[in-house]
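Novice: The structure follows.
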Amino acid sequence: MALALGCCSLKAKHRGTGAILIYFSGLASSRSKTNADEIKSLRLITAIKTPYLPDGRFDLEAYDALVNMQIEDGVEGVIVGGTTGEGQLMSWDEQIMLIGHTVNCFGASIKVIGNTGSNSTREAIHATEQGFAVGMHAALHINPYYGKSSLDGLISHFDSILPMGPIIIYNVPSRTGQDIPPSLILSIAKSPNLAGVKECVGNDRVEEYTRNGVVVWSGNDDQCHDSRWDYGANGVISVTSNLVPRLMRELMFGGKNPSLNSKLLPLIDWLFHEPNPIGLNTALAQLGVARPVFRLPYVPLPLARRVEFVNIVKELGRENFVGEKDVQVLDEDEFILIGRY
């Protein structure tokens, strides 16, 4: 597969969203609009990490390198600014800039899915308009969290978004506090823009959707092998593929492989011992792929867990992980924690 070349860092950190939209509008308008069927065909999508510079700004050089590694190892799409990419710690200006940057640099080689969901319908509409304006291929939308809503309110929320372009709905009750029931998904499935569902409830739910013709991606890396080969899932939207994209591609494309799945489970369990993306951020820093910079409230895993990761890498083989530097156990004083950025 051809390796996409990263592009130079943008000056958009000094601009407002309006300037970002102007910058990218010509690029986006020259591309044909993606339809939902193109998104439905994807098997392996990485929820991509956002690396930082020591002052807390985006490290676009490290970001471009990480996306290149994903493309080189067969990943078909990236979620930009999702939970893993820490969209929850970004301003909307930052989020739209990063979506546009990803499209501009890599949009010809990989599908760019922007996380433009919100617990505010107004913000979700506005961010999704901007995301499509800068050229993203699809949007990821969570159900309104914290404040929650009624079932009718959820339907109205998604109905406000779906006319804009291809949408993946993300169901993760452990984070939102509210399950999206299948009855809701089936009621909006008639929309040609519903690409599918990222489902974290489990494989029984996955099977219910596939039985009813709804495309679904597993949102649980520890279940994704069985989701794909036993329950009919299209594939996975993965955190682990940040680290071992080639192995995750084999898991999604190579047929049923319980042996490989078993080999990956210790890494997956390690990654999710603390809430995502704490483990991933720690891992990429110790692999030398991202600087050891954390935007608070995230902090690195404790020393014992950092040592454990080095042992997992050695067990699986360093050659299977992204980056080229030797894995190392970082000391506490090597991490930079940023509260203002």
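The values are calculated or read from the model by the stated rules, or taken from the named source; none is laboratory data. Bear in mind that the values here come from a model prediction, so they are computed numbers and not experimental data. Ideal geometry is used to build each Cβ from the backbone, glycine not excepted, and the neighbour counts take in all protein chains shown. Remember, those area values only see protein heavy atoms, side chains included, never the ligands or the DNA or RNA. Shrake-Rupley method; radii C 1.70, N 1.55, O 1.52, S 1.80 Å.
Novice: Please list Phe158, Phe272 from largest to smallest accessible area, probe radius 1.4 Å, with all protein chains kept in place.
Specialist: These residues rank, largest area first, as Phe272, Phe158.
Novice: To the nearest 0.05, what FRET efficiency results for Ser91 and Ser183 with a Förster distance of 35 Å applied to their C-beta separation?
Specialist: Approximately 0.50, to the nearest 0.05.
Novice: Write down the Å³ per residue value for the convex hull defined by the alpha carbon atoms of the range 47-122.
Specialist: It comes to 90 Å³ per residue, whole-number rounded.
Novice: Below 8 Å, C-alpha to C-alpha, sequence gap of six or more: please give me the relative contact order for the chain in percent.
Specialist: RCO, the chain: 17 percent.
Novice: Okay, next question. Is the range 161-206 best put as rounded, prolate or oblate by its Cα gyration tensor, with a ≥ b ≥ c the root eigenvalues, rounded for a/c under 1.5, and otherwise prolate when a/b is larger than b/c, oblate when not?
Specialist: prolate
Novice: Show that you can apply the helix-only estimate: for the chain, add -39,500 (n - 2.57) for every DSSP H stretch of four or more residues, divide by all residues, and state [θ] at 222 nm to the nearest 500.
Specialist: Estimated from H runs of four or more residues: -12500 deg cm²/dmol.
Novice: Please give me the summed charge of the neighbours of Ile79: other residues whose Cβ is under 11 Å from its Cβ, Lys and Arg +1, Asp and Glu -1.
Specialist: Within the 11 Å Cβ shell, the charges total +3.
Novice: Here's another thing I want to ask about it. So how much slack lies between Asp230 and Glu334, counting 0.36 nm per residue of separation and subtracting their Cα-Cα distance, in nm?
Specialist: Using 0.36 nm per residue and subtracting the Cα-Cα distance, I get 33.1 nm.
Novice: In the set (1) 21.6; (2) 20.9; (3) 20.1, which value of Kirkwood radius over Cα pairs in Å was calculated from the structure you see?
Specialist: (3)
Novice: Continuing with the same structure: Pick from Gly165, Gly87, Gly288: which is most flexible by mean-square fluctuation in a GNM of the chain where alpha carbon atoms under 10 Å apart are linked?
Specialist: Comparing Gly165, Gly87, Gly288 in the GNM, the peak value goes to Gly288.
Novice: Compute the distance in nm between two label points, each set 7 Å from the Cα along the Cα-to-Cβ direction, one at Tyr341 and one at Asp269.
Specialist: Here the answer is 3.1 nm between the modelled labels.
Novice: Under a crude label model (7 Å from the Cα following the beta-carbon direction), how far is Ser262 from Glu315 in nanometres?
Specialist: Rounded to a tenth, the inter-label distance reads 1.3 nm.
Novice: Say each of Ser191 and Thr210 gets a label point 7 Å from the Cα, pointing the same way as Cα to Cβ; how far apart are those two points in nm?
Specialist: For Ser191 paired with Thr210, the spin-label model returns 2.5 nm.
Novice: I've got another one for you. Excluding ligands, DNA and RNA, what is the solvent-accessible area per residue of the range 239-341 at a probe of 1.4 Å, expressed in Å²?
Specialist: 47
Novice: Then there is this: Within the set Lys40/Lys111; Lys148/Lys198; Lys33/Lys148; Lys198/Lys314; Lys111/Lys256; Lys49/Lys111, which residue pairs have Cα atoms separated by over 23 Å?
Specialist: Beyond 23 Å: Lys33/Lys148; Lys198/Lys314; Lys111/Lys256.
Novice: Which order do you get for Trp270, Trp229 if you rank them by accessible area with a 1.4 Å probe, largest at the top?
Specialist: In descending accessible area the options line up as Trp229, Trp270.
Novice: Would you look at the GNM of the chain, springs on alpha carbons closer than 10 Å, and say which of Ala189, Ala124, Ala304 moves the most?
Specialist: Ala304
Novice: Normalised by the residues of the range 194-278, what does the relative contact order come to in percent, with Cα pairs under 8 Å and at least six apart?
Specialist: 22
Novice: Just want to confirm a number: the relative contact order over the range 257-308, from Cα pairs under 8 angstrom separated by 6+ residues, in percent.
Specialist: Answer for the range 257-308 is 28 percent.
Novice: Another question about this same structure. Around Tyr52, which amide H atoms from residues at least 5 apart in sequence, or from another chain, sit under 5 Å from its own amide H, with H modelled in the peptide plane?
Specialist: The answer is Asp59, Arg291, Val293.
Novice: For Asp269, Asp64, what's the largest-to-smallest order of accessible area, 1.4 Å probe?
Specialist: Ranked from most to least accessible, the order is Asp269, Asp64.
Novice: Residue by residue through the range 93-110, what is 3J(HN,Hα) from phi via Karplus (6.51 cos²θ - 1.76 cosθ + 1.60, θ = phi - 60°)? Round to whole Hz and write x for glycine and proline.
Specialist: 4, 4, 4, 5, 4, 5, 4, x, 4, 5, 4, 4, 7, 10, x, 7, 10, 8
Novice: Then there's this: Say a site is exposed when it is one of the trypsin sites (Lys or Arg not before Pro), sits in a DSSP loop, and has at most 14 other Cβ atoms within 10 Å; what is then the longest site-free stretch of the chain?
Specialist: The segment 58-147 is the longest one with no such site.
Novice: GluC sites (Glu not before Pro), restricted to the range 306-341: which are DSSP loop and have at most 14 other Cβ atoms within 10 Å?
Specialist: Answer by residue number: Glu324.
Novice: Considering only protein heavy atoms, what per residue accessible area in square angstrom results for the range 136-200 with a 1.4 angstrom probe?
Specialist: So the range 136-200 comes to 37 Å² accessible per residue, rounded to a whole number.
Novice: Using the Cα gyration tensor of the range 142-232, with a ≥ b ≥ c the square roots of its eigenvalues, what is the shape: rounded (a/c below 1.5), prolate (a/b larger than b/c) or oblate (neither)?
Specialist: Oblate is the answer for the range 142-232, as a/c is 1.5 or above yet b/c matches or exceeds a/b.
Novice: I'd like the Karplus ³J(HN,Hα) series for the range 272-282: coefficients 6.51, -1.76, 1.60, θ = phi - 60°, whole numbers in Hz, and an x wherever there's a Gly or Pro.
Specialist: Each residue's phi maps through the Karplus curve to give 10, 5, 10, x, 4, x, 4, x, 4, 4, 5 Hz.
Novice: For the chain, modelled as a Gaussian network with Cα springs under 10 Å, which listed residue fluctuates most, Pro54, Pro275, Pro144?
Specialist: Of the options given, Pro275 has the highest mean-square fluctuation.
Novice: Could you work out what % of the accessible surface of the chain is carbon and sulfur, using a 1.4 angstrom probe and leaving DNA, RNA and ligands out of the count?
Specialist: Here it works out to 50 percent.
Novice: Follow-up question, since we're still on this one. If you plug each phi of the range 293-306 into the Karplus form 6.51 cos²θ - 1.76 cosθ + 1.60 with θ = phi - 60°, what whole-Hz ³J(HN,Hα) values come out, in order, with x for Gly and Pro?
Specialist: 10, 10, 7, 4, x, 7, 9, x, 5, x, 3, 4, 6, 5
Novice: While we're here: Check Ile142: other-chain or 5+ apart residues with amide H under 5 Å from its amide H, H built from backbone geometry?
Specialist: Under 5 Å from the amide H of Ile142: Gly117, Ser118, Tyr170.
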